[in-house]
Amino acid sequence: MNSPSILPTVKVIGFGNAGCAMVGRVFQQGLLSGAEFLVLNTDQAALASCPVPSQLCIGLPVTRGLGTGGDVALGRSAAQRDAAVIRAAADARLIFVVVGLGGGSGTGGAPVFARLARESGALVLAIATTPFEFEGGLRRANAETGLQELRAAADAVIVLPNHHLARLLDERTPVTEAFRVVGERAAEAVTGLWRMLAQPGILPVDFAGLERLVRGRHAESAFASVEISGEARVHDAVVKLASHPCLDEGRALARADALILNLAGGPELSLAEIDRASREIGRLCRDNVEILVGTSVDEALAGRLRITVIPAWRADTEVPALPLPGSASSERRDCREPVSARTPQRSELPDADHLQTLETDLTQSTTLSLPIRASSSRRGHKSNHQPELNLFPASRGRFDNTPATIHNNENLDEPTFRRRNLVLN
Amino acid sequence: MFDLSSVVVGLEIGTSKICAVVADVAVDGTFRVLGLGQAESKGVRKGEIVNPADLPELLRHAVKEAEEMADVEVRSVWLGVTGGHIQETHNKGFHPIASDDREITEDDVDDVLRIAKTLNLPAHNHPIHLIRQHFGIDGQVTENPVRMYGNRLEADVLVLHGNFNRLQGAIRAVKSLNIEVEDVAFNGLASQLAVLTAEQKELGTLLLDMGAGTTEYVVTEDGIVHHAGVLAVGGDHVSQDLVTGLRIPLGLAEQLKVKHGSASLDDPRLGDTLQLPSGNGLAPRSINREHFHRIMHARLEETLQIIEQKLADAVVLSRLHGGVVLTGGCSQTAGLLQLAESVFQLPVQLGQIRCVAGMNESVNQPEFATPVGLAKFGSFRVQRQLASRARFNVRRTLTQLFGR
Ligand SMILES: Nc1nc2c(ncn2[C@@H]2O[C@H](COP(=O)(O)OP(=O)(O)OP(=O)(O)O)[C@@H](O)[C@H]2O)c(=O)[nH]1
Ligand SMILES: Nc1ncnc2c1ncn2[C@@H]1O[C@H](COP(=O)(O)OP(=O)(O)O)[C@@H](O)[C@H]1O
Ligand SMILES: [Mg+2]
Ligand SMILES: [Mg+2]
């Protein structure tokens, strides 16, 4: 359905029970035409019930096809034993590794896969969920280990913490239903990324751009998408993003070293809107952030604007959540290679007539609003050296579930004394 | 035979409280508060309903309390609205005078106002108030153009408008109780009606209603409202800042703020510590009074500064000889008056609720400015109806007497 020239070979890999379930869903939705699918697990029964035809049961001698029962070391060694098979399977330019962190197989195996795939030249983007609180300490500890390994192995990890979802779910939601929703969100992240790369646009986010942005960064990312209609849609969308739970109420933007920004709209999507949106979102980020802007036109979106953002930041540094002018953000420890901000200049944009003629064939137009947030070290926490997995983000208290009050690009819901850097001691 | 007084009810669905005020208005305009009912609000944030689940019960409770005190049955209300979505737009309408002699009629005035009303509004917004600033005839400013002559009539108007769906949300919540909504009014305008004297409106005054979720501002000069708007920041922000800064639960932050809070940084007690109540599993703790004041000061100063900046472009603040008048629950914060004086460089006073004949002092609380003002807003229109009904009745009586 899409011009194949835009995308090189793409593989979507699911690891462990959760990964298989999530990739199975993406496969069944059938939206990623041209992509190849593969699921890996130590659990034969789970593979049998997965709709994806390409399957690899790994570590058979050590797990006897029964899973690892939450043993990460076992999952890791199972994958390592079958390194040769895995290397052979990792023959693509771009690989999405989808995994539910917390168990043994996926948590131990996905980093192994990511490393092998990267070694053979693929750009590896991992999409990982972290456990619900109710799953307990062991799974949480597993997930923390797995995330660190995955971060080191993959080019970028998009973290989707389940506990964000818990806030949006009814207390009486059955567990199976909760996991179904988790899977749906993960599928949306995969599809969203795919769409950004594959959909014809005025400014397509191309693979080379993506690669340049994430290759070797071992970055951690969040993913959020909002869909808005109405007169003030650009403004409303930006306000929504600035307070998006998946973006840690906008802090993920403020913290980002790099940002992928995709705007999709109906044929009415105007250059002025694109320009305005990228400038306004750029203002929520720090000055030297590198922004990769893509736009696409989708008739199914007529009247609506969908903005997808993937802010990425290096996970090995601690940066104050909201960089203020003259604040500590300038004293970052790493010396990153200088990057150039790349927001579209007017002259780079094709003229408006061109917009009308672009064809689109994507029919799906779900509202993506992922309660996702990348793990981050929280402001005010002691350790400057150890990145920590923040599974319990600060609540917005009284302002949970309300749009942020934004004035001059400042979120007024944040305490004033903090924004003014008042020292209380 | 003539029913020459009528009941009007103002209803505010506030962020902290739901409040109904029952009043009556006589044909001569006399306005008396008869009853007031309240309930603690739930599911309202920054002046907007975010979760309507608990509202019917709470609304019913507030209305019932007011009904019992006033001994009347409430069938309809004048409903207050606020929220960050409410905006002001200044419009100019033009209308050519078509009559041969170029005399301007009432119809021409209606036409030009109608044109000015909907210009430039965002697609999903709905006008709430249309406030005439002045008219012009062929470029000459005039107050009342009717029966004057010209080619072209102009009208400068202030339109307050808000998101249609959000306005509907509040109306729906009330209607679900089988209570009619006569009309909606912006909370800021209502408070201004309740609090300002005719003289203050004439001299030029900035009214600030500092509530829990929002701060409304209204600038009145020469008796006309020139600017009005909302900042979605209020007492909840003060409390939430204390939660973060002092690491205490919200309930405690709220209590401390109301009981011991202050926006003052030159307070002799700044070196003191404040003992927190222990119990409920909380260890005894004390907090530094200076931190406490600084957090509150920072938030309240910023809130006032933002409004000052918003207005400074449009209004010469130093010309407001009536100064600044504060109302709303937050206006009770110690030290706020001085803070506002330094931000606006104008004399500042606390508003008193006017025109509460018939009611005891308990209504004269800043929290009640909006609901009293809403009833007052309704009373203006009801009084006009009463007056015309009275004229009609007189005519009917005359025809009855002489017509046969
Ligand atoms: N989306 C989704 N997530 C799941 C599902 N089941 C479990 N999870 C999540 O994924 C994490 C890992 O669980 P599994 O995928 O079952 O574990 P595994 O990788 O197969 O590892 P072992 O079974 O322990 O060898 C859990 O902690 C859950 O948070 C599911 O059906 N769908
Ligand atoms: N003595 C006080 N000092 C400081 N703030 C107060 C005091 N009394 C009430 N408040 C605050 O006033 C707010 C409620 O004011 P109100 O005008 O009733 O708000 P709303 O109309 O938004 O419900 C709350 O935030 C409350 O904490
Ligand atoms: Mg398993
Ligand atoms: Mg109020």
Using the structure shown, decide if B:Val81 is on the phi < 0 side of the Ramachandran plot, out of contact with any Lys or Arg (no Cβ under 9 Å at 6 or more places or on another chain) and away from chain A (no Cβ under 13 Å).
no
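Quick grid of which residues meet (1) out of contact with any Asp or Glu (no Cβ under 6 Å at 6 or more places or on another chain); (2) open to solvent by 70 Å² or more (accessible area, probe 1.4 Å); (3) over 22 Å from B:Leu208 (Cα atoms):
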residue: B:Gly234; (1), (2), (3): yes, no, no
residue: B:Gln240; (1), (2), (3): yes, no, no
residue: B:Ile248; (1), (2), (3): yes, no, yes
residue: B:Val258; (1), (2), (3): yes, yes, no
residue: B:Asp266; (1), (2), (3): yes, yes, yes
residue: B:His291; (1), (2), (3): yes, no, yes
residue: B:Arg299; (1), (2), (3): no, no, no
residue: B:Leu304; (1), (2), (3): yes, no, no
Quick check on this structure: which one of A:Gly69, A:Gly75, A:Gly30 is more than 16 Å from ligand 4 (Cβ to nearest atom), open to solvent by 70 Å² or more (accessible area, probe 1.4 Å) and more than 14 Å from every other protein chain (Cβ to nearest Cβ)?
A:Gly69
Can you go through A:Ile95, A:Ile86, A:Ile13 and tell me which one is touching a Lys or Arg at 6+ places or on another chain (Cβ under 7 Å) and farther than 17 Å from A:Arg139 by Cβ?
A:Ile95
When both residues are 6+ apart or on different chains and their Cβ atoms are under 8 Å apart, which pairs have a first residue that lies in the stretch A:38-62 and is of a type outside the set (A, V, I, L, M, F, W, C) and assigned to a helix (DSSP H, G or I), and a second that is more than 11 Å from ligand 1 (Cβ to nearest atom) and open to solvent by 50 Å² or more (accessible area, probe 1.4 Å)?
A:Pro61/A:Arg81
Exactly one of these conditions fails for A:Ala90: (1) within 11 Å of ligand 1 (Cβ to nearest atom); (2) open to solvent by less than 10 Å² (accessible area, probe 1.4 Å). Give me its number.
(1)
Of a type in the set (Ser, Thr, Tyr) and either within 25 Å of B:Glu341 (Cβ to Cβ) or under 22 Å from the mean Cα position of the chain (by Cα) (or both) - does that describe any residue in the stretch B:179-199?
yes
Return yes or no: is A:Gly121 at positive phi, more than 16 Å from ligand 4 (Cβ to nearest atom) and either aromatic (Phe, Trp, Tyr) or more than 18 Å from the chain's Cα centre (by Cα) (or both)?
yes
For B:Glu106, are the conditions met, namely being open to solvent by 10 Å² or more (accessible area, probe 1.4 Å) and closer than 30 Å to B:Val146 by Cα?
yes
Every residue in the stretch B:84-125 that is within 14 Å of another protein chain (Cβ to nearest Cβ) and at pLDDT 90 or above, please.
B:Gly84, B:His85, B:Ile86, B:Gln87, B:Thr89
For helices (runs of 4 or more DSSP H) lying entirely in the stretch A:77-179, having 1 or more residues that are within 16 Å of ligand 3 (Cβ to nearest atom) picks out A:105-119, A:137-153
Of the residues that make up the stretch B:108-121, is at least one over 16 Å from B:Val157 (Cα atoms) and either in contact (Cβ under 8 Å) with a residue 24 or more places away in the chain or over 25 Å from the mean Cα position of the chain (by Cα) (or both)?
no
Criterion (more than 16 Å from ligand 3 (Cβ to nearest atom), buried (at least 20 other Cβ atoms within 10 Å of the Cβ) and more than 24 Å from B:Leu208 (Cβ to Cβ)) met by exactly one of B:Val44, B:Val81, B:Val63, B:Val33
B:Val63
Of the residues in the stretch B:23-33, those that are of a type outside the set (S, T, N, Q) and over 20 Å from the mean Cα position of the chain (by Cα) come to B:Ala26, B:Val27, B:Asp28, B:Gly29
Among the helices (runs of 4 or more DSSP H) contained in the stretch B:208-317, which hold 2 or more residues that are at the interface with chain A (Cβ under 9 Å from one of its Cβ atoms)?
B:235-246, B:289-312
Taking the condition under 24 Å from B:Arg381 (Cα atoms), at pLDDT below 90 and either surrounded by 19 or more Cβ atoms within 10 Å (Cβ to Cβ) or out of contact with any Cys (no Cβ under 6 Å at 6 or more places or on another chain) (or both), does B:Asn178 pass?
no
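The values are calculated or read from the model by the stated rules, or taken from the named source; none is laboratory data. No experiment lies behind these values; they were computed from the predicted model shown. All Cβ positions, even for glycine, are placed from backbone atoms using ideal geometry, and neighbour counts span all protein chains on display. Remember, those area values only see protein heavy atoms, side chains included, never the ligands or the DNA or RNA. Shrake-Rupley method; radii C 1.70, N 1.55, O 1.52, S 1.80 Å.
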